[in-house]
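Have a look at the structure below, then the notes.
The values are calculated or read from the model by the stated rules, or taken from the named source; none is laboratory data. This structure is a prediction, so every number in the text was calculated from the model and none was measured. FYI the Cβ positions are ideal-geometry reconstructions off the backbone, even for glycines, and counts take in every protein chain you see. Ligands, DNA and RNA are stripped out before the accessible areas are found, and what is left, the full protein with its side chains, is counted by its heavy atoms. Shrake-Rupley method; radii C 1.70, N 1.55, O 1.52, S 1.80 Å.
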Amino acid sequence: MSDPSPVIGGETPSRPRGSLRTSVVWEVLKDALDRRTEAAASDSLDVLDTGGGTGNFAVPVARLGHRVTVVDPSPNALFALERRAAEAGVADRVRGVQGDIHGLFDVVARGGFDAVLCHGVLEYVDDPAEGVRNAVDALRPGGALSLLAAGLGGAVLARAVAGHFTEARQALTDPAGRWGEGDPVPRRFTAEQLTDLVGGAGLTVGAVHGVRVFADLVPGGLVDTEPGAMEALLKLEAVAAGLPAFHSVATQLHVLGEKQG
């Protein structure tokens, strides 16, 4: 199988800024897929990407040789996914289906997948617990759930650093973690809330990582103009991501759940 790691989420080494959003998640996900590929003695797994949109993860996963089904409510996103998969030469391994995680089993089979990606979905659903349960029910025994959601602490810190102290306090006290009426994110989570959702759905929590711990706080001009700054920031993010002390200030949180065989 080819290794798509030089192109992560559609970004190339000459355009590394996207790696700040995806590199930590990609490394955890790729390791989980590699372990399951080895255990299954197969070159190809069945992967479900719920809310996968235009294929930021689906296409690189397909480039690893896996079969990927993307479920997304947007026909425009699915059209872009089809074009992106064709351009990457993996159109035969990527299938787009219109739907959402609450009606997941109207469009895919239960227990049909070795891995399920649920990235940027729980923030927008009415019932996050139901969403996680559906994702888990789509897994085969021994499968892995990759869960990525907005972190509460990162939003609070960002509003405070920007001088919006009332909004930062509002996010801290709001049950959904929203900083006000203009907040575009309907819901945010703590690491404890996400691991409780994963554990409550019957999975073992394999790993928890903070994503974009520093990236959203560093001035873009500094990263773009200072020689070596981007690479150094990526290395810093990689180290901080696995340290629980930094989970509470991450913009996003990634949880890997594992279903017992």
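If you take the residues in segment 108-159 that are in contact (Cβ under 8 Å) with a residue 60 or more places away in the chain and in a loop (DSSP other than H, G, I, E, B), which one is most open to solvent (accessible area, probe 1.4 Å)? Among those that are in contact (Cβ under 8 Å) with a residue 60 or more places away in the chain and in a loop (DSSP other than H, G, I, E, B), it is Tyr124. Residues in segment 54-95 that are of a type in the set (Gly, Ala, Ser) and buried (at least 24 other Cβ atoms within 10 Å of the Cβ): 4 in all.
For segment 199-211, a tally of residues being out of contact with any Ser or Thr (no Cβ under 7 Å at 6 or more places or on another chain), crowded, with 23+ Cβ neighbours inside 10 Å and among the aliphatic types (A, V, I, L, M) returns 1.
For Arg110, the conditions (1) at pLDDT 95 or above; (2) closer than 29 Å to Ala250 by Cβ; (3) among the charged types (D, E, K, R) all hold with the exception of (2).
Please go through segment 200-231 and pick out each residue that is modelled with pLDDT of 90 or more and in a helix (DSSP H, G or I). Scanning segment 200-231 gives a single hit, Gly200.
In the set (1) in contact with a His (Cβ under 9 Å, 6 or more places away or on another chain); (2) surrounded by fewer than 22 Cβ atoms within 10 Å (Cβ to Cβ); (3) modelled with pLDDT under 95; (4) part of a helix (DSSP H, G or I), the condition left unmet by Arg35 is number (1). Across segment 160-186, the number of residues qualifying as more than 22 Å from His209 (Cβ to Cβ) and surrounded by 14 or more Cβ atoms within 10 Å (Cβ to Cβ) comes to 12. The number of residues in segment 38-76 that are among the small types (Gly, Ala, Ser) and either within 26 Å of His247 (Cβ to Cβ) or assigned to a helix (DSSP H, G or I) (or both) comes to 7.
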